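Rule-based calculations on the coordinates, nothing more; no lab input. The shown structure was predicted, so the numbers you read here are calculated from the model rather than taken from an experiment. Counting neighbours? That spans all protein chains shown, and the Cβs are built from the backbone with ideal geometry, glycine included.
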Amino acid sequence: MQGVMNLVKAPIKVAAKAVLGGRTYAKFTSIKSRNLQKRLLAERGSLTLSRRLVERLGTHVMTGPFKGLQYPMAALVSRHAGPKLLGTYERELHPVIESRNWREYSYVVDIGCAEGYYAVGIAKTFHQKVLGFDPEPREKELCRQMAALNEVSSMVVLGDWADARTLEELCAERRCFVLSDCEGYEAELFDRRSVQALRVSDVLIEIHEQQKGDLSSPLRELFQPTHETKIITFRRREIGDFPEFKSLGEDAQLALDEHRTDDQPWLWCQSRQSAFRPK
């Protein structure tokens, strides 16, 4: 039945996008998605947990590559804050983030920057300029607040819309670091033209296969001629792996949980052009 419903909804989505235009449609759907997410988080008690954690731990990221990053209170209490506040969020990506020579990049392009964990974290920690894009206006405002709070407003430039042609314009003949977390839109964002423009850039893509079906294989095929590609998979958190957080008691496991499926993949693409590769 779910498959039949998806077939019915697909033409409606195409028609709505055609009428509203890509930019407006993206804003509309991102607001709707964020509202749904907040409602689900409230129902499962995650927002209440976030408030307890803030009262106990404060508003600074505790560990990880962005240790010391300060969050606006409004950002923490409006999402499942545990993994980001503890610094365990997307732990599988920490080796990628920590091994970069950030001075090699002209700038970072963060598509789907949300409240700014990566955009502001990279700007503050590595003193790198970040171009962040997110169509959800409330998330973009929180990102702006976080940049100001961490005194990197001049290094974080925000926009609401980026597509494949935007990537071409920003990254052609420049070495950039591109971070993509855009809820399935990666299927449209990366095409042959934009990937060619990214040939000397490094690209990290969160893949949302539950929205679009198998994306890992076609995306990997697109990048293979110009990049070394690697699939990174999510590993479920267990409190036994984080003894430093056992003092949180019964909240510890809930705080670490990222509410992901076990097969959540990322695609890590490093440019093959050795002149641009870190030594």
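Remarks
- Cα centroids of the range 87-101 and the range 229-271: 12 Å apart.
- Split the chain at each of the GluC sites (Glu not before Pro) in a DSSP loop with at most 15 other beta carbon atoms within 10 Å, and the longest piece is 1-150.
- The range 28-62 versus the range 110-146: alpha-carbon centroid distance in Å: 18
- In terms of distances greater than 18 angstrom between alpha carbons, the cross-link table entries Lys124/Lys246; Lys124/Lys230; Lys67/Lys124; Lys129/Lys230; Lys38/Lys140 yield Lys124/Lys246; Lys124/Lys230; Lys129/Lys230.
- For the chain, hydrophobic long helices are taken as DSSP H runs at least 15 Å long by C-alpha position along their axis with mean Kyte-Doolittle hydropathy of 0.5 or more; these are 2-20.
- Within the range 81-100, backbone nitrogen closer than 16 Å to the virtual label 7 Å beyond the Cα of Ser216 toward Cβ: 92-93
- Taking 0.36 nm per residue of separation and subtracting the current Cα-Cα distance, fully stretching the chain between Glu151 and Glu228 would add 24.2 nm.
- Residues Ala172 and Glu244, FRET efficiency given R0 of 30 Å [Cβ-Cβ distance, rounded to 0.05]: 0.10
- Stretchable slack from Thr63 to Arg235, in nm (0.36 nm times residue separation minus alpha-carbon distance): 60.1 nm
- Counting only Cβ charges, +1 for Lys and Arg and -1 for Asp and Glu, the dipole size of the chain around its Cα centre is about 380 debye.
- When the range 129-200 is reduced to its Cα atoms, the Kirkwood hydrodynamic radius in Å: 13.2
- Normalised by 2.2 N^0.38 Å, where N is the number of residues, the alpha-carbon radius of gyration of the range 83-147 equals 1.10.
- Positive-end residue, the chain charge dipole about Cα centroid, Cβ charges, pick of Phe177, Leu204, Gln273: Phe177
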